[in-house]
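The values are calculated or read from the model by the stated rules, or taken from the named source; none is laboratory data. From a predicted model like this one, the values you see are computed outputs, not experimental measurements. Glycine also receives a Cβ, built like all others from the backbone with ideal geometry; neighbour counts cover every protein chain displayed. Note: accessible area is taken over every heavy atom of the protein model, side chains too, but ligands, DNA and RNA are not part of it. Shrake-Rupley method; radii C 1.70, N 1.55, O 1.52, S 1.80 Å.
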Amino acid sequence: VSAFLDMQSAWRVRFSPDEPGTWAWSLLPQADEAMPASGSIDVAPATTSSAWRRHGPLTIHSSARGFAHADGTPVFWLADTVWAAPAHATAKEWQDYVAYRAGQGFNVVQINALPQWDASGPPLREPFQKTDGKEDLTRPDPSYFATLDAMVASAADAGLIPAIVVVWFENTPADNEDWPITVPRRGPFTDQTVRAFARHLVARYEAFGAVWIASGDSGFRSPASVALYDAAAEAIVA
């Protein structure tokens with residue numbers, strides 16, 4: 001699994017083992033100055049009622065007509081969309097929402113990793129730091145993603161699988177240019193920055209059983225934008 005830079009000071013790794021026992025780990029340095037390291041962790045059987053923790057992350061059912069957990073247990077995808085929550089919801093609003101939806105029997109929550117363009121009001125949080133006064137897509141904002149960490153973790157603890165959008169259409173060069181209203185644009189991403197961003201998301205959230213949505217609200221009429229969606233998807237599965 002890949003590490004991610006947390007709060008600009010420490011590299012962290014998140015891993016969700018799929019069976020109990022002793023797991024060995026080793027660090028594979030990517031730079032000469034990194035020190036090699038190794039160790040082990042003891043993993044106990046899951047005690048949570050969360051289906052994804054007891055049965056594993058989602059995959060395609062053997063019938064190819066739906067979803068299943070890693071151990072073959074069928075899954076009916078019952079999701080609610082709160083695309084804008086990562087940038088707009090307070091901690092209390094999110095906790096109330098997660099408890100309410102889980103109590104109703106939902107098992108998936110669909111969110112946008114970035115601020116949603118059509119949400120009401122300005123976002124409470126912005127996902128990227130600024131360089132020379134301009135949003136820098138190579139510098140994720142630590143506080144934004146620390147908040148998203150807590151949101152994804154609490155959803156997973158409640159038994160909700162996080163389905164996370166990587167790139168909405170307004171994050172691309174030219175997708176949906178014929179949208180009937182003026183859409184604020186973030187970015188746009190390039191092939192290099194979208195791959196780095198997708199890898200960052202996977203490193204942070206794959207251990208929570210996340211499912212990935214490469215694009216949103218796209219008309220798929222812009223070759224340049226479709227190429228970005230492809231690049232994001234390739235980075236996710238790499």
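Counted as qualifying within the stretch 26-126 are the helices (runs of 4 or more DSSP H) with 3 or more residues that are open to solvent by 60 Å² or more (accessible area, probe 1.4 Å) and modelled with pLDDT of 95 or more, namely 91-104. Residues that are part of a loop (DSSP other than H, G, I, E, B), modelled with pLDDT of 80 or more and open to solvent by 60 Å² or more (accessible area, probe 1.4 Å) within the stretch 1-15 comprise Val1, Ser2, Val13, Arg14, Phe15, listed in sequence order. Hydrophobic (A, V, I, L, M, F, W, C) and open to solvent by 40 Å² or more (accessible area, probe 1.4 Å): does that describe Ala227? Answer is yes for this residue.
Output yes when any residue across the stretch 52-71 is touching a residue at least 12 places away in the same chain (Cβ under 8 Å) and over 27 Å from Val237 (Cβ atoms), and no when none is. No, the stretch 52-71 contains no residue that is touching a residue at least 12 places away in the same chain (Cβ under 8 Å) and over 27 Å from Val237 (Cβ atoms). Of the strands (runs of 3 or more DSSP E) contained entirely in the stretch 132-216, those carrying at least 2 residues that are out of contact with any Pro (no Cβ under 7 Å at 6 or more places or on another chain) and open to solvent by 30 Å² or more (accessible area, probe 1.4 Å) fall at 134-140, 211-216. The residues on offer are Pro173, Pro142, Pro115, and the sole one that is closer than 13 Å to Arg204 by Cβ and in contact (Cβ under 8 Å) with a residue 40 or more places away in the chain is Pro142. Restricting Ala99, Ala68, Ala89, Ala37 to those that are touching a Leu at 6+ places or on another chain (Cβ under 9 Å) and closer than 20 Å to Ser154 by Cα reduces the list to Ala89. So, in the stretch 217-231, of the ones that are in a helix (DSSP H, G or I) and under 18 Å from the mean Cα position of the chain (by Cα), which residue ends up farthest from Gly66 (Cα to Cα)? Among residues in the stretch 217-231 that are in a helix (DSSP H, G or I) and under 18 Å from the mean Cα position of the chain (by Cα), the one farthest from Gly66 (Cα to Cα) is Leu228.
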